[in-house]
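To start, the structure under review is shown below, and the notes come after it.
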């Protein structure tokens, strides 16, 4: 890491505390550190999204913002540099996502933030939860008090409650769609990397065509999202292949929110072994956040399974109080958002599937929760049932030849999934491994475990192909 005077950004002397910038109570404008009113369309305002994102998705969202005339910065993949920054403001007991986001914020302040800008540092969620992310709101407030920087706001996630921080709601709705497109593009790239006739030429062509599509969004915005994908898929489909995707060894890397921050070395390892890796879809993390409001509302009404909680016909709205009706409206709103997001993902996936490089059918999130709820209650509002449900669905699908449960040692919901999944995995013929990572790197023993997994997964795929050939 470049040696920088980080201490000047830290509030080491409470008597010299800089006045924090803040939103007005009605979220109609910002009051800067000098007490002046700043309109939300002011060109000095920069939106920073500090959580790690898929590289393609990050560029897609960035160009959508630029098309709308907005300033935005998105953090890159988590690395040792970002985690080194986090040590200046974290205790080390925080979960990996929390530390990575905190480190990315401090890195942005020190290295990228320009003089005179008003910076809105967004965080992925400000909802209540028994997980560590349920305390993120307090965490960001604590960090804000320790930072001695003018005109920064640590403000949670844009929503209808905070007027979307002055952003167009349609743009905020497009963000997760952009990330999902990036995720599907990565899935296609990983498959192409393993089945292309000429790997170097294929990946060069893939990156060129993909960059042209993403750059077009800067000029044409939302209207190019789907039209551009159709053209992109046609060009990618022309790349010569030496093998079929469905007959090539595949592994799934699944887990909780930490996946976004530490999957890179595992994904790269399998690529180099000629095995197609898929990191579990980012959509599931978004769906988990949306579904929590539905689960909570149903549980308060006495329904304990996802199937019941997602079924509106079971609720008697005629007996609801005014407060209960407001809760019902919120649950219904999030259910509609979940349904819309799910339909968009299916539509986009169908477009990218025309490349012939996608292989895993989209699983309904309600089904994931229902399967997971059989072993760990969804009413705890944690990632545990989601991780278990994804394992069971992936096992039953027969698509994968190996399953990797990637966790971090201080993520309790992810760790809880391991003792539940282990006996289920022992009854299966599909290789399974659980890895605990402290960050985006692997120990020597973990590399040996992945090597064993690779050998076993290839053996499983050969057996499957032989059965298909002989049937």
Q | Residue in the range 397-416 that is modelled with the highest pLDDT, counting only those that are in a loop (DSSP other than H, G, I, E, B) and closer than 19 Å to residue 439 by Cα | A | 411
(Q) Condition first: farther than 17 Å from residue 249 by Cβ and not in a helix (DSSP H, G or I). Now tell me which residues in the range 417-471 satisfy that. (A) 427, 434, 435, 436, 437, 438, 439, 440, 441, 442, 443, 471
**Q.** Among the residues listed as 290, 303, the single one being modelled with pLDDT of 95 or more, in contact with a helix residue (DSSP H, G or I) (Cβ under 6 Å, 6 or more places away or on another chain) and within 21 Å of residue 380 (Cβ to Cβ)
**A.** 303
Q: Inspect all residues belonging to the range 389-399 and state whether any of them is in contact with a strand residue (DSSP E or B) (Cβ under 8 Å, 6 or more places away or on another chain) and surrounded by fewer than 19 Cβ atoms within 10 Å (Cβ to Cβ).
A: yes
Q. Among the helices (runs of 4 or more DSSP H) confined wholly to the range 213-292, which include 1 or more residues that are outside the structural domain of residue 94 (by TED's automatic domain parsing) and either within 22 Å of residue 465 (Cα to Cα) or touching a strand residue (DSSP E or B) at 6+ places or on another chain (Cβ under 7 Å) (or both)?
A. 259-262, 264-272
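Yes/no matrix, rows are residues, columns are (1) more than 20 Å from residue 151 (Cβ to Cβ); (2) touching a strand residue (DSSP E or B) at 6+ places or on another chain (Cβ under 8 Å):
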{"residue": "66", "(1), (2)": "yes, yes"}
{"residue": "72", "(1), (2)": "no, yes"}
{"residue": "77", "(1), (2)": "yes, no"}
{"residue": "104", "(1), (2)": "no, no"}
{"residue": "116", "(1), (2)": "no, no"}
{"residue": "119", "(1), (2)": "no, yes"}
Q) Which pairs have Cβ atoms under 6 Å, sit 6 or more apart or on different chains, and link a residue in the range 332-358 that is without any contact (Cβ under 8 Å) to a residue 60 or more places away in the chain to one that is surrounded by fewer than 18 Cβ atoms within 10 Å (Cβ to Cβ)? A) 346/362
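A quick yes/no check of all residues on (1) part of a strand (DSSP E or B); (2) over 29 Å from the mean Cα position of the chain (by Cα); (3) under 20 Å from residue 111 (Cα atoms); (4) at pLDDT 95 or above:
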| site | (1), (2), (3), (4) |
| --- | --- |
| 1 | no, no, yes, no |
| 19 | no, yes, no, no |
| 25 | no, yes, no, no |
| 30 | yes, no, no, yes |
| 33 | no, yes, no, no |
| 38 | yes, yes, no, yes |
| 41 | no, no, no, no |
Q. Could you list, in sequence order, the residues of the range 190-210 that are surrounded by 16 or more Cβ atoms within 10 Å (Cβ to Cβ) and either assigned to a loop (DSSP other than H, G, I, E, B) or without any contact (Cβ under 8 Å) to a residue 40 or more places away in the chain (or both)?
A. 202, 205, 206, 209
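The values are calculated or read from the model by the stated rules, or taken from the named source; none is laboratory data. Computed from a predicted model, the values in this text were never measured in an experiment. With ideal geometry, Cβ positions are generated from the backbone for all residues, glycine too; neighbour counts draw on all protein chains shown.
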